[in-house]
1. Hey, among the residues in the range 285-310 that are under 16 Å from residue 206 (Cα atoms) and either in contact with a helix residue (DSSP H, G or I) (Cβ under 7 Å, 6 or more places away or on another chain) or free of Cβ contacts under 8 Å to residues at least 12 places away in the same chain (or both), which one's farthest from the ligand (Cβ to nearest atom)?
2. Somewhere in the range 24-41, is a residue surrounded by 23 or more Cβ atoms within 10 Å (Cβ to Cβ), in a helix (DSSP H, G or I) and within 12 Å of the ligand (Cβ to nearest atom)?
3. With the requirement that a residue be closer than 19 Å to residue 328 by Cβ and outside any strand (DSSP E or B), what does the range 77-107 give you?
4. With the requirement that a residue be small (Gly, Ala, Ser), more than 16 Å from the ligand (Cβ to nearest atom) and assigned to a strand (DSSP E or B), what does the range 152-197 give you?
5. Of the residues 120, 126, which single one is more than 9 Å from the ligand (Cβ to nearest atom), over 23 Å from residue 601 (Cα atoms) and without any contact (Cβ under 8 Å) to a residue 60 or more places away in the chain?
6. Can you name every residue in the range 339-348 that is away from the ligand (no atom under 11 Å from the Cβ) and either modelled with pLDDT under 95 or aromatic (Phe, Trp, Tyr) (or both)?
7. When the range 574-590 is examined, which residues are found to be part of a helix (DSSP H, G or I) and either within 23 Å of residue 751 (Cα to Cα) or in contact with an Asp or Glu (Cβ under 8 Å, 6 or more places away or on another chain) (or both)?
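The values are calculated or read from the model by the stated rules, or taken from the named source; none is laboratory data. A quick note: this is a predicted structure, and the numbers were derived from the prediction, not measured. Neighbour counts run over all protein chains shown; Cβ positions are idealised from the backbone, glycine included.
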Amino acid sequence: MNDNQAPIVKDLVLVGGGHSHVAVLKRFGMKKLPGVRLTVIARDLDAAYSGMLPGLIAGHYGFDQTHIDLGPLARFAGARLYHDEVVGLDLAGKRLLCANRPPVRYELLSLNIGSAPNTADVPGAAEHAIPVKPIDRFVTHWEALARRVLARPDGSRIGVVGAGAGGVELLLAVRHRLAALLTEAGRTAARVDYHLVTETPAILPGFNARARAKFTRLLAARGVTVHLSERVTRVVAGALQCAGGLVLPLDEILWVTMAGAAPFLRETGLALDAHGFVLVDDTLQSVSHPDVFAAGDIAAVGAHPRPKSGVFAVRQGRPLAANLRRRLLGKPARRFRPQRKFLSLISTGDKSAIAARGDWALEGALVWRWKDWIDRRFIRKYTDLPAMTADDAARLPAGLADRQQRQELAAFAMRCGGCGAKVGSDVLSRALGALAPVVRDDVLIGLGALDDAAAVVVPPGKLMVHSVDYFRAFIDDPYIFGQIAANHSLGDLFAMGAEPQSALAIATLPYAIEDKLEDQLFQLMAGASAVLSAAGCALVGGHTGEGAELALGFAVNGLVDRDRLLRKAGMQPGDRLILTKPLGTGTLLAADMRHQAKGRWIDGALAAMLQSSGPAADCLIRHGAHACTDVTGFGLLGHLVEMIKPSGVAVELALGTLPLLDGALDCVARGIVSSLQPANLRLRRAIANLDVAAASPVYPLIFDPQTAGGLLASIPGERADACLAALRALGYQRAALIGTVSSQPDRPESVTLVL
Ligand SMILES: Cc1cc2nc3c(=O)[nH]c(=O)nc-3n(C[C@H](O)[C@H](O)[C@H](O)COP(=O)(O)OP(=O)(O)OC[C@H]3O[C@@H](n4cnc5c(N)ncnc54)[C@H](O)[C@@H]3O)c2cc1C
């Protein structure tokens, strides 16, 4: 959550979690800027650190050692983290177009989206070669490549196109790792031929002669065939064709050539260099659009051209953060001159490396240790984050807001509570006007009408089921939060076997100037509306007010045939218990608040919270469910107790079968639990064998409060396996049979935990 309580005046949006933006996030986290809302849009939640990637491929490091987790870093910075890909940029409207969400608005924008080897210019390269970037996709390709090499009985021929530092280092890392894997598999006799192909007359252009000579010797000693002055003109399945007539048969082709820029930039009108990179001046500000900054590979610094290298992206982080801050405060950006000479440390596959700077070069295991120390220190800087207290952000710094914004802000002090806290009707109608809720014949008066309330028809023979839920935002992404809040509310209807019909929204938006309120409301309701519409549920009205924190809830109404109504009572001895989604959202969100959850754990939890329980409810009903509920705030045990009491049965719950979200066990093992956990724990009195079960590491998770949790159903024993298979086929991959129902006259209405 953004702990910046000052009204929001400006949006700074960072696109890409590259080497420069991690520094910006850290610096904004260390010194918050009240009134500025920081958002980072990242395609990958784990930002790869280029210096350690060859070490990852060579097998010297694990994934987490070579990546910066943007989740905790963004939280530290008080930034909203949107896991998405920017696919377009509307400079006139100051909006970023994303692959999976409505446009995101900015006042100030910074691009640090890196580059990728250019496969577009050589026919066949995109189809038959593996580009080394995006790195995360390369890591997946690499694992498949290694499996293919291990499976080939007659050996393999591997070619790397591009003999810059990246190509040479990657080839040596691949060679080192494959040799180790073949030895492990007892295939020492398998032959692997390595080829390095470059259009330049020497390897490592831009490096000094000593470093080049050292690498030339090393490549020869390791049996790598180097093809100089060979320009690849076509790639076909299993071969490279070069301009000079060379045809090189290869089983695997890795593409590490000149970096190319994101194609969408060409459509934007931003000034670009001849290769499509964003032209910036020596303040890192676009030469055509001063409200756009760029750093790292994607930037072309006109005044000081430098090679595309992580070193420069890292160095630009500090001046970029300073200049973004200055621009937000209405001050001119400062010039930055990158160093001309820089230290390169290139690993040689084994735990050795070559250092080069100016015209000297040094080689050996000590150089590797030095590089390893520098690299690990870099990662630590962004993963070992200092604990911060909430900022006193009551006053806006001078220069942040213009005159009109200050006038608007002056009205804040006199803003009313009660009905006066409602968001103005213009803001509401503009934000909601862009939504297109589903239209249903049984909604007589809905969102579009000016009446005081909505009116809906209940068809004859149907029952109407009502429920309401409301909670504070737990992530800084209104679009995703809107989706989850709607999904959570609909869960009650699905658990009763009802078809969602209509919903009323209640939203609280953090204080902000009108423009920001409108955008926030639109993002929030666009997310909610997408989920409601997918469930066929009409948004028929609502109420929006301002408050300290973002919050959203829905009163939802559903229709159900009387004989299809599912209730908590009705469990029968012999039934088996099915849970449709994994547990753990409570502890994971608590860990996220403390900056201690990995980004990919939270991503997994969000994916689970976004999954609708609609298809699961139909499936459970088709398989004769006797009783059902959705697992939410009271945790699995709390909701289970609500089922067994009115059913008058006992339950045996198998802890080992409980489906758990990734990271949930780690978090509870570290004692991180939701603030609701102590209240939920009181229900342990329903457990018959507390002495035995409490020792299990899974035990705390039966009390973990869930957001948009799964359905818990009691299914006739003989149909349970078929029901589980059907749920998994519907996409509930983690659904599980977790217990059995019995009459247990000696322990009525109790839960026995089985380890
Ligand atoms: C094999 C290899 C080894 C290398 N070794 C070194 C080395 O040892 N030292 C060195 O200095 N350089 C090295 N480099 C070069 C280095 O990788 C790049 O120069 C560096 O990564 C550029 O950093 P960056 O911050 O500009 O972008 P990146 O580090 O590429 O980060 C960009 C980020 O933006 C995100 N992104 C991209 N597009 C979008 C989008 N449209 N929307 C949202 N997010 C997006 C990506 O997810 C990515 O995390 C190596 C390169 C290769 C290929």
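1. The extreme case among them is 305.
2. Yes, the range 24-41 has at least one match.
3. Residues satisfying the conditions are 77, 78, 79, 91, 94, 106, 107.
4. Within the range 152-197, 156 is the sole residue that qualifies.
5. 126
6. Hits for the range 339-348 are 339, 340, 341.
7. Of everything in the range 574-590, those that are part of a helix (DSSP H, G or I) and either within 23 Å of residue 751 (Cα to Cα) or in contact with an Asp or Glu (Cβ under 8 Å, 6 or more places away or on another chain) (or both) turn out to be 585, 586, 587.
Results for (1) closer than 24 Å to residue 318 by Cβ; (2) buried (at least 18 other Cβ atoms within 10 Å of the Cβ); (3) outside the structural domain of residue 151 (by TED's automatic domain parsing), shown as yes or no for each residue.
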| residue | (1), (2), (3) |
| --- | --- |
| 244 | no, no, no |
| 248 | no, yes, no |
| 283 | yes, yes, yes |
| 291 | yes, no, yes |
